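In what follows, a single structure is set out as structure tokens and then discussed.
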Amino acid sequence: MKLPTLDKLFEDQLKDIYNAESQIIKALPKISKRASSGKLKEALTSHLQETRGQVERLDRIAESLGRKLTGKKCKAMEGLIEEGAEVLEAEGPGAVIDAAIIAAAQRVEHYEISAYGTARALAEQLGHEEIAELLQETLEEESAADEKLSSISLEEILPAAEAGEEEGPVSGQQPGRARRG
């Protein structure tokens, strides 16, 4: 890959983000179905709609730049989603699975926060103020999604997971032999 200019780097970053968001749109419905917490399901479903809006925003950015944002695969997101998919196969109490879903989702959010922050900084440096504002809007949504996941985790999921571990066995284990982390 050649990156002869800051402009080319900016385009490359946008393509990476675009593909990452596309991968997330495919993965979120499966992850949402696996969640047992109503609040977590709602947060994931809401973020799916928000992610679709973020892709539309990226389409507007591409149009304003006269470029297409397709043709690049975000390998980092592919790995994060693959790792998160392991949770879909896991066995255990619903609250523990929900905690694992949140852990995977927050890894994705942190990657997106980093990517959008970098893209916004590049846009600002290149004088694309309107694009920088659009990227900032998405960055704020990603940060809010991360905060919401933290809130759900701390207020509901982690206490329920801990209480569930104390009350009974982990799925597939003999009664009286509950594991403690």
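Based on alpha-carbon centroids, what's the gap between the range 107-156 and the range 40-94 in Å, whole number please? So the separation of the two Cα centres works out to 13 Å. FRET efficiency for the pair residue 68 and residue 2, taken as 1/(1 + (r/R0)^6) with r the Cβ-Cβ distance and R0 = 25 Å, rounds to 0.90. Each peptide in 72-84, 129-141 was scored by the mean count of other Cβ atoms within 10 Å over its residues; highest first, the order is 129-141, 72-84. Among 34-40, 105-111, sorting by the average number of other beta carbon atoms lying within 10 angstrom of each residue, highest first, gives 105-111, 34-40.
Over the chain, the hull volume per residue, using the convex hull of the C-alpha atoms, is 114 Å³. For the chain, the longest principal axis of the alpha carbon atoms and the long axis of helix 158-167 meet at an angle near 20°.
Each value in this text was obtained by applying a stated rule to the coordinates, not by laboratory testing. Model, not experiment: these values are computed from the prediction. Cβ coordinates were reconstructed from backbone atoms using ideal geometry, including for glycine residues, and neighbour counts include every protein chain displayed.
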